[in-house]
Amino acid sequence: MGLLSSLTGATLYLDTNVFVYACEGFPDFSDSLRELFAAIDAGNISAVTSELTLAELLVKPFMDGDAHRQSIYNDTIRNSEQLSVFPITRDILIEAARLRSASTLRLPDAIHVATACSAGCTLFLTNDKRISTIVGIKVILLSEL
């Protein structure tokens, strides 16, 4: 991952789709994500996400009655030395509303961006091209890695 060296030392927000691709083993992104998560585990990159990520990840496993995948996602999206999981606060919701009023973001995406900004993230990793138009935080698309 040529971009990995530029991520070292960064505070990186991980959008929900990053976890979907990593946990579900999407072949197009598996090598890049394996290297990224190794760098996060080694402490070279600080990773942040929102509690909203867990809610989004659990929808399909609940629909499928897949308790194993529910457990994987529940175990993955926790505060740890490698990952800071931020709650959805009133201030984040207000900032999300402001972002929505100035863009075409959907509410969940606006909450993710507001959380990233609140957490002091310098980079936002996603594969959602709609988020790439946001001003104030550098967005990196997985498909461009």
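Only the coordinates and a few stated rules stand behind these numbers; no lab work does. In this text, all values refer to a predicted model and were calculated from it rather than measured experimentally. Because the Cβ atoms are built from the backbone with ideal geometry, glycine has one as well, and the counts that use them run over all protein chains shown.
Based on the mean of other beta carbon atoms within 10 Å per residue, what is the order of 82-88, 26-32, most packed first?
Result, highest mean first: 82-88, 26-32.
Output the DSSP H helices from the chain with an along-axis C-alpha extent of no less than 18 Å and a mean Kyte-Doolittle hydropathy no less than 0.0.
Those that pass (Cα extent of 18 Å or more, hydropathy at least 0.0) are 51-64.
Fully extended, how many nm does the chain gain between GLN82 and SER30 (0.36 nm per residue separation, minus their Cα-Cα distance)?
Residue separation times 0.36 nm, minus the Cα-Cα distance, leaves 16.8 nm.
Find how many whole Å separate the alpha carbon centroid of region 117-132 from the alpha carbon centroid of region 13-35.
15
For LEU123, what residues show an amide H to amide H distance below 5 Å, using hydrogens built from the backbone and excluding near sequence neighbours?
The list, which skips near neighbours in sequence, is THR11, TYR13.
Which trypsin sites (Lys or Arg not before Pro) does region 1-110 hold that lie in a coil by DSSP with at most 14 other beta carbons within 10 Å?
Qualifying residues, ordered by number: ARG78, ARG106.
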